[in-house]
Amino acid sequence: MFKRSLESLEFLKKAENIFRSPSIWAGFLFLVCFTGTLFLFDLRFLSRHYDWDSIVYTHNIVTNKYWKVFFNPHHIGFESTGLLYLKFWYWFHGPDSAMFGLRLRVLVVASFFIFLLMLSYWRLYKDMVGAVLLGLAVHCSQGFWFYAQHNDTPLIHSCFTAALFLLCVWNSKNGWSPGKLYIAGFLQVWNVYYHQSDTIFLTFVPVSVLLANKWRGRSFEYSYKLKLIFVYLFSVVFILTLSYLYVGFILLERNLTAPIESEKNFANWLFLYASQEKWGAAPGPKNYIMNFYRGIGDAFLNFEGVKNGLRINANDLTSLKSFPYNLNLGFWVGILFLAFLNWIRLWKSYKTELILLFFWLIPSFIFYTWWEGYFFEFWVSSVIGLLIFAALVFRSLEFENFRFGIRSISHIIFFSYVSLLFLVNFTYSTLPRSEKSHKSFIEGIEDKYEDITPEPVYRNE
């Protein structure tokens, strides 16, 4: 069985085709260079903003204590791998500027994901311009760009979610194999390690397997699909369960006998994020509609800071305070309108993608709106999915006789939207945060802030 599984990894040999096909090789090199340029641009304007989460998470890692890096059960993979990375950083750079080094880790992951997104879109749909525009749209959205420059949790797990989606789309169309299933399982497990809430995406691989027609290049029987799904889910859940039991009981020495409100209680630790009468479990009334509007809206555009209330103003379309938000709303109303008008063609052309997007976006909308919808950090993943959906809507409009003309128009519209995201988010968010070091909301953790600053990597400090 193991030998057959290794044999199924032979699909990786297809990477050799990159070096045999001049067009694929040229496209691959272009995307590598483009991603490198994007990384250098982000590095030049890397955020120097210190907030509560980035300070606390950096301090947890810098203290080099196991109980610190595993203290937060809802992202045990973030700080623990950060500690391993920091040891490399100290070896490579030296014992200072830990925050800078950890921000670099997140930025590298963000850049690599943008490369994978563009490469996957290009190879799936043979549209290089569309791939670049989609990559830029994701990159320039406020949520992605903001957290790509912070040592904080939202970015990496969102990239894992989107990468798992892309893998499932690819394998639904090209066939599954044991090796591909191992890769999917690895991504799935680490997706949950980086954020516990991503258990809502356990449906990705089962749905993709059900939609696939091939297994190891041959026909895929329904009964065998069900067996694979059972084995896959059992294995993933077993690994996750064993991991949390090991971390909780062995590494952190939690138990089941301590009072439920004690941090020594295993259940209290495992559900810490929801057990302190805040976040999703906070008491009091909630305006779920406003929470959704504020959270997902800020994940696209944010140039006035985080605040409550409406930002869209239909009665004053061109004022500075409402114009960008009005344009953003107009773009998405247009996307939904085009999707509705062209639903049959959209469904026929991209059935697999739409079904998997449904299992991505709908659970996200429901869970995060209920949980903590007013913080845009939870909408980074959803924004990626929505932008992929927008790209597919544009592609569905490409009728045979007018394909290139319609594609050009859709590219112009998408480019205009990318320009809106870039101009607003760079001018009012990325640029100001990169000009000088500043902090916000650190009351009670001043000692942790002093431990990780200043950053000598910046000459003026």
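Structural remarks
- Output for segment 35-75, where each listed residue is at pLDDT below 95 and of a type in the set (D, E): D51, D53
- Checking each residue in segment 97-126 for being open to solvent by 10 Å² or more (accessible area, probe 1.4 Å), of a type in the set (D, E, K, R) and in contact with a helix residue (DSSP H, G or I) (Cβ under 9 Å, 6 or more places away or on another chain) picks out R105, R123.
- Restricting segment 414-456 to residues that are in a loop (DSSP other than H, G, I, E, B) and open to solvent by less than 80 Å² (accessible area, probe 1.4 Å), the residue that is farthest from H150 (Cα to Cα) is G444.
- Highlighted here are the helices (runs of 4 or more DSSP H) found entirely within segment 115-221 that include at least 2 residues which are within 29 Å of R294 (Cα to Cα) and either at pLDDT 95 or above or not aliphatic (A, V, I, L, M) (or both): 128-140, 142-147, 154-174, 178-194.
- Every pair of residues 6+ apart whose Cβ atoms lie under 9 Å, when the first sits in segment 332-349 and is open to solvent by 100 Å² or more (accessible area, probe 1.4 Å) while the second is at pLDDT 95 or above and assigned to a helix (DSSP H, G or I): L336/V393
- Screening F28, F19, F78 for residues that are within 24 Å of the chain's Cα centre (by Cα), at pLDDT below 95 and either open to solvent by 20 Å² or more (accessible area, probe 1.4 Å) or not β-branched (V, I, T) (or both) leaves exactly one candidate, F28.
- Residue match in segment 211-224 (condition: in contact with a helix residue (DSSP H, G or I) (Cβ under 6 Å, 6 or more places away or on another chain), farther than 30 Å from Y57 by Cα, open to solvent by 40 Å² or more (accessible area, probe 1.4 Å) and of a type in the set (A, V, I, L, M)): yes
- Selection within segment 160-183 - open to solvent by less than 10 Å² (accessible area, probe 1.4 Å), closer than 20 Å to I114 by Cβ and of a type outside the set (F, W, Y): T161, A162, L164, C168, V169
- For segment 392-404, residues that are part of a helix (DSSP H, G or I), open to solvent by less than 40 Å² (accessible area, probe 1.4 Å) and not polar (S, T, N, Q) total 4.
- Test: residue in segment 372-384 that is more than 15 Å from S141 (Cα to Cα), in a helix (DSSP H, G or I), in contact (Cβ under 8 Å) with a residue 12 or more places away in the chain and open to solvent by 20 Å² or more (accessible area, probe 1.4 Å): no
- Looking across E435, E353, one residue alone is among the charged types (D, E, K, R) and under 27 Å from F292 (Cβ atoms). It is E353.
- Residues of segment 41-66 satisfying the condition of being hydroxyl-bearing (S, T, Y) and either assigned to a loop (DSSP other than H, G, I, E, B) or under 17 Å from D152 (Cα atoms) (or both): S47, Y50, S54, Y57, T58, T63
The values are calculated or read from the model by the stated rules, or taken from the named source; none is laboratory data. Model, not experiment: these values are computed from the prediction. Positions of Cβ are backbone-derived with ideal geometry, glycine not excepted, and every protein chain shown enters the neighbour counts. All accessible areas refer to the heavy atoms of the entire protein, side chains included, with ligands and DNA or RNA removed. Shrake-Rupley method; radii C 1.70, N 1.55, O 1.52, S 1.80 Å.
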